[in-house]
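Remarks on the structure that follows.
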Amino acid sequence: MEMIYGFLESLPFSMFHYDFMKNAFLASILITPLFALLGTMAVNNKMAFFSDALGHSAFTGIGLGVLLGLNDPLFAMLAFGIFLGLVITRVKAANMVSSDTVISVFSSAALALGIVILSASGGFAKYSAYLIGDILTVGQKDLLVIAGVLLVAYVLWAVLYNPLLLVSVNRSLAASRGVRVLLVENIFVMMVAVAVMVSIRWVGILLINSLLILPAAAARNIAGGAGSYHWTATVFALISSLVGLTVSYIWNTSAGATMVLTAAVLFFLTYAIGRLRK
Amino acid sequence: MKGIKIWLLSVCLFLMACGTDVNTVHHQDSLTVVTSFYPVYLLAQEVTAGAKGIHLVNMAQPQTGCLHDYEMTIGDRKLLENADIFLINGGGMEQFLEQALAQCPHLQIVDTSEGISLLEEEMHHHHACENEDACVHGHEDEHEHADEHEHEDEHEHEHEHEHEDEHEHEHEHEHEGNPHIWLSPERAARQAENIALALAESDPAEADLFAANLERFRQETERLMAKAEEVSIPFGEKAAVFHEGFAYLAEWFGMEAEIGIFADEYREPSALELAEAADGARQEQIHFFLAAGDNGEKYAKALAVEVGEKMVVLDPLTMGPDAKTEDSYYARMLANMEAVERHWKERER
């Protein structure tokens, strides 16, 4: 850790004089690439609002945690997020309604349920810290936790990459090749749920959904094949988080929102490039 | 289809029957006193301890925290309709008050901040307080109590408005001020006095009890103030505060609130703001990072770590205990003092 800190300090940026900026920087380079990868699949599968639904379900998770008398609602958040993800895939697989509708139904229901539980028990002023994350406040220990969780996610991603890709292209094709479609999808939503719930405390709900969708969407504008799609998304995620962080430092603006805006700018740039190419 | 209709109808009837809430039933033989939120409730509790003719209810749920963006619920409206006296903190804390007034024009409202000087609201981040006069401005022209009471004698709404007009200047000031006065023991005692005087008027039979309670409470606040002087923190230490009300705690501890960062749902400090605060904290050698266990805590922690300090988590008294246990202003404020003292001793070691 000291080594990394030392290296960052040796860079010619005044923002790295501060430990909290170093931590924010490290947290962004840990979190954003993973979200970009997960995002590529979310975008392919038309699940752009899935993470939003998960983020909102964090309310419910906190509410349940309060009802159960847990001190740290994180476990309730994780459990409920995973549960919600699984239910959404289940209902989606039944093919009665389109996936955006399913996600929206569950998102609203989870949000409302969370607010009802929390309003009955006296509002969530006490727990708002879990929902309104700020990347500038990531501590050193938090970084280790994030790194641990993300490592597992990266490994899972590497293992599941091919089946996931196949499922996202065509479910029946994947099934005919011996891929257990539902299982793969379930693991995917569980990964997203865990990534969202673990990082929401530091990143905040606004940033999470944008980090998941915007880099992937921007990459899709210009990428040629599946491989370059994933790489471009990862690079875009890194660029938007680092540029966003630096700009927010210089312009005195909110770090999270500036990162989101940078990603949005990338989307419009790539959109224009994509149009010109055609 | 018909079955469904009958079913729905019976559900509606059932719900309507449930709608009569036990809490809001008017207590005929006693005075229903509603407090706007927990700190006022806590003070009112101190004053009315043992009073049989007082039915004391707190309006905003004890877990709400500060009332800045509070919106009244249906339950609150019902509560106020049945209330005889509404005790508010005042100083601009109850921004929903106009709603309440519009609904219950005959409600007697007691502003517990009446005649109490407020600290200035905005401390801004870093060095806004270089000039101490600008930071701690007291209203020296405090009103005499007898005088205040003449005004409160008239319970009618119109009269209250006249009263507000007369003192426009003072009220303007109050709205600019920092309303978290209960965090200053000295001011909390004055608030309790305002409560006791108002209640004694409405319930003269128990006036003596209120006076005795007030006296006990006043002694407790004096003990708190004496305690702050005993603690060996050098006078003029500077503090960074992460809760708007903690300027009052800092004042009580004999510290200057030099840096203030107040985050909420809609406001998060930028990287530059934090960086400047960190520089300020280093320059001013700030040893006290006072946070409440809310959204500001993470910023306190980040800044404290930044300069190699530990943050101190203090209690803003805005939330009640989870269970229905006895709560005491003295005990909770003493715990605040002790937390600061502990931090200081650990530092010295």
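The values are calculated or read from the model by the stated rules, or taken from the named source; none is laboratory data. Computed from a predicted structure; not experimentally measured. All Cβ positions, glycine included, derive from the backbone under ideal geometry; neighbour counts span all protein chains shown. Note: areas computed on protein heavy atoms with side chains; ligands, DNA, RNA excluded. Shrake-Rupley method; radii C 1.70, N 1.55, O 1.52, S 1.80 Å.
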(request) Identify all residues within segment B:52-62 that are in a loop (DSSP other than H, G, I, E, B) and crowded, with 20+ Cβ neighbours inside 10 Å; write none if there are none. (result) B:59, B:60, B:61
(message) Quick check on segment A:186-203: of everything there that is modelled with pLDDT of 85 or more and not aliphatic (A, V, I, L, M), which residue is least open to solvent (accessible area, probe 1.4 Å)?
(response) A:188
(request) Go through segment A:1-28 and give me each residue that's open to solvent by 60 Å² or more (accessible area, probe 1.4 Å) and more than 14 Å from chain B (Cβ to nearest Cβ). (result) A:2, A:3, A:4, A:7, A:10, A:12
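Rundown of residues vs (1) within 14 Å of chain B (Cβ to nearest Cβ); (2) small (Gly, Ala, Ser); (3) assigned to a helix (DSSP H, G or I), yes/no style:
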residue: A:208; (1), (2), (3): no, no, yes
residue: A:214; (1), (2), (3): no, no, yes
residue: A:221; (1), (2), (3): no, no, yes
residue: A:224; (1), (2), (3): no, yes, no
residue: A:227; (1), (2), (3): no, yes, yes
residue: A:235; (1), (2), (3): no, no, yes
residue: A:240; (1), (2), (3): no, yes, yes
residue: A:247; (1), (2), (3): yes, no, yes
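Residue by residue, here is whether (1) surrounded by 24 or more Cβ atoms within 10 Å (Cβ to Cβ); (2) in contact (Cβ under 8 Å) with a residue 40 or more places away in the chain holds:
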position	(1), (2)
A:30	no, yes
A:53	yes, yes
A:74	no, yes
A:90	no, no
(request) Taking the options B:267, B:223, B:216, name whichever one is within 14 Å of chain A (Cβ to nearest Cβ), open to solvent by 40 Å² or more (accessible area, probe 1.4 Å) and not β-branched (Val, Ile, Thr). (result) B:267
(request) Would you mind stating whether residue A:66 is surrounded by 15 or more Cβ atoms within 10 Å (Cβ to Cβ), over 28 Å from residue A:262 (Cβ atoms) and within 14 Å of chain B (Cβ to nearest Cβ)? (result) yes
(request) Scan segment A:266-278 residue by residue and report those that are surrounded by 15 or more Cβ atoms within 10 Å (Cβ to Cβ) and either modelled with pLDDT under 90 or hydrophobic (A, V, I, L, M, F, W, C) (or both). (result) A:266, A:267
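For segment B:237-253, state whether one or more residues are touching a residue at least 24 places away in the same chain (Cβ under 8 Å) and on the phi > 0 side of the Ramachandran plot.
no
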(request) Out of A:40, A:60, A:89, A:32, report the one residue that is touching an Asp or Glu at 6+ places or on another chain (Cβ under 9 Å) and assigned to a helix (DSSP H, G or I). (result) A:89
(message) Looking only at segment B:297-349, count every residue that is touching an Asp or Glu at 6+ places or on another chain (Cβ under 7 Å) and open to solvent by less than 60 Å² (accessible area, probe 1.4 Å) and tell me the total.
(response) 9
(request) Quick one: in segment B:274-296, of everything that is within 8 Å of another protein chain (Cβ to nearest Cβ) and at pLDDT 85 or above, which residue is surrounded by the fewest Cβ atoms within 10 Å (Cβ to Cβ)? (result) B:275
(message) For residue B:259, only one of the following conditions fails: (1) buried (at least 24 other Cβ atoms within 10 Å of the Cβ); (2) within 30 Å of residue A:69 (Cα to Cα); (3) away from chain A (no Cβ under 14 Å). What is its number?
(response) (2)
(message) Quick check on segment B:29-49: of everything there that is over 15 Å from residue B:327 (Cβ atoms) and of a type outside the set (D, E, K, R), which residue is surrounded by the fewest Cβ atoms within 10 Å (Cβ to Cβ)?
(response) B:30
